[in-house]
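Each reported figure results from applying straightforward, stated rules to the coordinates on display, with no laboratory input. Since the structure is predicted, the reported quantities are computational estimates derived from the model, not experimental observations. Every residue, glycine among them, receives a Cβ derived from its backbone with ideal geometry; neighbour counts consider all protein chains shown.
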2 protein chains.
Amino acid sequence: MAQQHLDPTDPTAQVVSGDALAGYLRAQATEFLRALRLHRETGGDGGAPARGKARPGENGSQESVDAARALRRSARRVSASLHTFRPLLDADWSEAIRPELAWLSGTLAMEHAYAARLERLLLALHRLSGATVLPAQTGAVGMPAAADAQKTATVDAAAPSHPAATPERGNLTVGAAKAGALLERQLTLARTRAHSTALQALGSSRFHAVADNIAVLASEVPLTPAAATADLRPLAAAAEERLTDAVAALPLVTAGSPYNAEALIHGLSPDPAPHPQDAPWHQVRLLLRLHRYAREVLHGDNCPVDVRLLASGQALNRHRDASEASAAAAQAARTPRIAPATAYALGVLHADQRHEVEAARFAFQQSWQMQTVGTP
Amino acid sequence: MAQQHLDPTDPTAQVVSGDALAGYLRAQATEFLRALRLHRETGGDGGAPARGKARPGENGSQESVDAARALRRSARRVSASLHTFRPLLDADWSEAIRPELAWLSGTLAMEHAYAARLERLLLALHRLSGATVLPAQTGAVGMPAAADAQKTATVDAAAPSHPAATPERGNLTVGAAKAGALLERQLTLARTRAHSTALQALGSSRFHAVADNIAVLASEVPLTPAAATADLRPLAAAAEERLTDAVAALPLVTAGSPYNAEALIHGLSPDPAPHPQDAPWHQVRLLLRLHRYAREVLHGDNCPVDVRLLASGQALNRHRDASEASAAAAQAARTPRIAPATAYALGVLHADQRHEVEAARFAFQQSWQMQTVGTP
């Protein structure tokens, strides 16, 4: 871990005091307020998608989408820092605001999540149909490509018209085309609802209370009296330890053995709770994020990029996305009165995404074992 | 390749003359006749499975199943040797008997193939349902386990009652149970027909002509006059070269990259010819077998085991089995009037077997790159 690791027992390391935490929280709060202003100015609350016709990227400008992402980004960082450095902050204040921040970033994330999920599933249907993929996704075959496609989808989600969302149905079998149409209908509806919910949230008094709290934070961080001289590093180290403990509990030996076929093992299980095996990975994803933000607090603006953490985090994002996409395919297959060909295509799609889950675990295992190569 | 590789330019290597070929062919012909006698004595032509009730292993005794396997085994070796060492054998005779041997071993192989395919698919359905597997298949999770299960299935196929063939349906979802029942019905019917076809073949005058030819071979191998002093090694080397050329044309870089998602790329293709990408692998499987049998001819009874060839061949067998099982699942999904839940389970099953195909290619790539470790 070398230079990037902050070892509290290292006598050569500098003490990082509560000032660094205050500075970080102020900066994130300022960023939140800036994003909120931008979101209001760019009409983030206009252009709700018409039901059944909405496509990813059709509503909201690029600026408004960027602003919503920046809002989520800073809300997550504030919330994470309040959690990791809890003993250094006013307990009542901090415990009151954290669930509110979680509610806000969760609510704001849903619309994008449904759009991205639909993109992922439609791209997978095209890949599985051996259809010619779009120029931007020419390499979109298999694991690394799926990640690429996902990235493309994320970027494109804000473009006025999204080519991948209007696929040439001619290349698909009837089953694949019908499955695609069904998923588009269901996920677009979910996305439209999420959009409305987000708008309602942003206009609510609950949100205004959060914004007021963040405005206070931007000028005055409620540190405890002892925080100014306290060392942040033991608390950051504890966050890292929670991460490494959780990783140690993952079945990494299995995950590192290619084609272990673990991810699909409950693919046809009668168990209504799908894939409890995914939960520990989701948990590691959250702990990795907490660790990453704690590093940002310690290093400030000079936080070096840790490619190992970055790659591991991307693998876990992909794991989460594939896990949720596979569940959406399984859910769509439960729609009453669908044709057998549609159900068959959804079964293939579900299994494909479960293998993406397995591939993402393999990728995580590989990047986690990787030697840290610091890029300061 | 060291000691096992027969390099015709190696001056220290011994010439292997046509006598070795004659000896090998006589031995295989004798084995064929012995198996045929055993097959007749053990009632291989009795006990045709009753339609719709037959289960793998219910018809034919263990001895009769062993005898049929030995028949196929020697027929394949005779046929392969006639092919590889063609210039050393009477051309008319050899060209007349080869297609007959191919017909015979093909016909005899079908019944076993359908039984093994059903076993593979039912075991996969159980694995996908997260069901408790049988003690013998406790480790039967994922890739190596699927191969194990397959082995077990092969061994068990002859047992009077096969536990895996009577799975506890209670552990399965309705869809998985119905998919299993549908596959069992279709593949058992196919197996019953293959059984009848094999019986008819063994009673036919066409078969008796083959047996007569093999009887001649057991006493007098029709070598060309030049064969006695000819060196077999260049012909064996040519067989090996055909194999290495075909392997070089395989997409091994892709295959060696885990989770490349290539195998499922036409999983939902409207193309009626399923998975043309499998054909070159099937071809390598046949060429590897020809190479293996040519080695047997050269080395005689002292043929050292080449673990690399063995592992590579097993991977290609698994590739073939998974490819055909995936096609059977897709075929079953085209049955009219099935329930959507059944179709969904068959879609998951199809994709699962296509990933087995991909896993087998990965395993082949791994074993093929392996350093040869001779076990003389």
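Do any GluC sites (Glu not before Pro) in segment B:193-275 lie in a loop, going by DSSP, with at most 14 other beta-carbon atoms within 10 Å of their beta carbon, and if so which?
Passing both the DSSP loop test and the Cβ count: B:GLU220.
Could you pull out every residue, at least 5 positions away or on a different chain, whose amide H is within less than 5 Å of the one on A:LEU89? Hs are placed 1.01 Å off N in the peptide plane, and Pro or chain starts have none.
A:THR224
Which FRET efficiency value, to the nearest 0.05, do you get for B:MET370 and B:GLN14 by plugging their Cβ-Cβ distance into 1/(1 + (r/R0)^6) with R0 = 41 Å?
0.90
Which distances in nm, rounded to one decimal and ordered from shortest, link the label point of B:ALA102 to the equivalent label points in the other identical copies, with labels set 7 Å from Cα toward Cβ?
6.8
Using alpha carbons only, how many angstrom separate the centre of segment B:209-241 from the centre of segment B:310-350?
For segment B:209-241 versus segment B:310-350, the Cα centre distance is 40 Å.
Test of understanding: what is the full-extension gain from B:ALA91 to B:SER196, defined as 0.36 nm times their sequence separation minus their Cα-Cα distance?
34.5 nm
Can you list, shortest first and in nm, the gaps between the label point of A:LEU189 and those of its counterparts in the other copies, using a point 7 Å from Cα in the C-beta direction?
In nanometres, ordered from closest: 3.7.
Defining the label point at 7 Å along Cα→Cβ, can you sort the distances from B:LEU310 to the same site in each other copy, shortest first, in nm?
4.7
Taking H placed 1.01 Å from N in the peptide plane, check which residues at least 5 places from B:ASN260 or on another chain put their amide H under 5 Å from its amide H.
none
In whole Hz, what ³J(HN,Hα) sequence does segment A:176-182 give by Karplus (6.51, -1.76, 1.60; θ = phi - 60°), x for Gly and Pro?
The phi angles translate into 5, 5, 5, 4, x, 5, 5 Hz.
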